[in-house]
């Protein structure tokens, strides 16, 4: 069983995984390879002068793997509240985790199939998004959402930041106290 399963490996999902894995949590990232970032040319991402979307995604994957996050192909189709954990169902199998983070980009299908509350999206051409509380919690126990699927901007810097923010909130919930991670120069 994983501490956290993250559905999505775009900027929100990989950024979240970077935080959870670095915090020592057993992290699985399920990647459907449908990230719109893979088609982007990014000129406005803080810290990168210009970068192709595929390179940005690959850099994010490398960073999270550095801290032992597991990256695996798989499309999450449904999640189920199993009391003390969440059952994650993919097209190819099932997994269990204490927490789940939906970072599925422009797609809210898994949330809808799971009975998680959704709403109309505010971004152009994004019809449905996951309805979240301010900290990223959804209507299902132990399931959180971040990034574009949680009605945040499609811009990579915003979704990456939101993924990190929600990951910090999940870590705080897991640990029972506010989680802070700051490295310092030596």
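Read-outs throughout are calculated quantities, based only on the coordinates presented, and are distinct from any laboratory measurement. From a predicted model like this one, the values you see are computed outputs, not experimental measurements. As a convention, Cβ positions derive from the backbone with ideal geometry for all residues, glycine included, and neighbour counts pool all protein chains shown.
Just a few scattered comments:
- Highest-fluctuation residue, 23, 97, 164 considered, GNM on the chain with Cα pairs under 10 Å: 23
- Against the set (i) 0.94; (ii) 1.12; (iii) 1.00, the structure's computed Rg/Rh (Cα atoms, Kirkwood Rh) falls on (i).
- Computed helical MRE - 222 nm, the chain, DSSP H runs ≥ 4 contributing -39500 (n - 2.57), nearest 500: -8500 deg cm²/dmol
- The simple Förster model, with R0 at 25 Å and r as the Cβ-Cβ distance, assigns residue 182 and residue 26 a FRET efficiency of 0.65.
- Highest average packing first - 86-92, 99-105, 110-116, 12-18, Cβ atoms within 10 Å: 12-18, 99-105, 110-116, 86-92
- Region 73-148: radius of gyration over Cα atoms, expressed as a fraction of 2.2 N^0.38 Å: 1.04
- Comparing 132, 107, 51 in a Gaussian network model of the chain where C-alpha atoms under 10 Å apart are linked, the largest mean-square fluctuation is found at 51.
- Whole-Å distance, taken between Cα centres, linking region 146-173 and region 69-96: 20
- Relative contact order, percent, region 2-175 [alpha-carbon distance under 8 Å, six or more residues apart]: 25
- Most fluctuating residue given options 57, 42, 130, as computed from a GNM of the chain linking Cα atoms under 10 Å: 42
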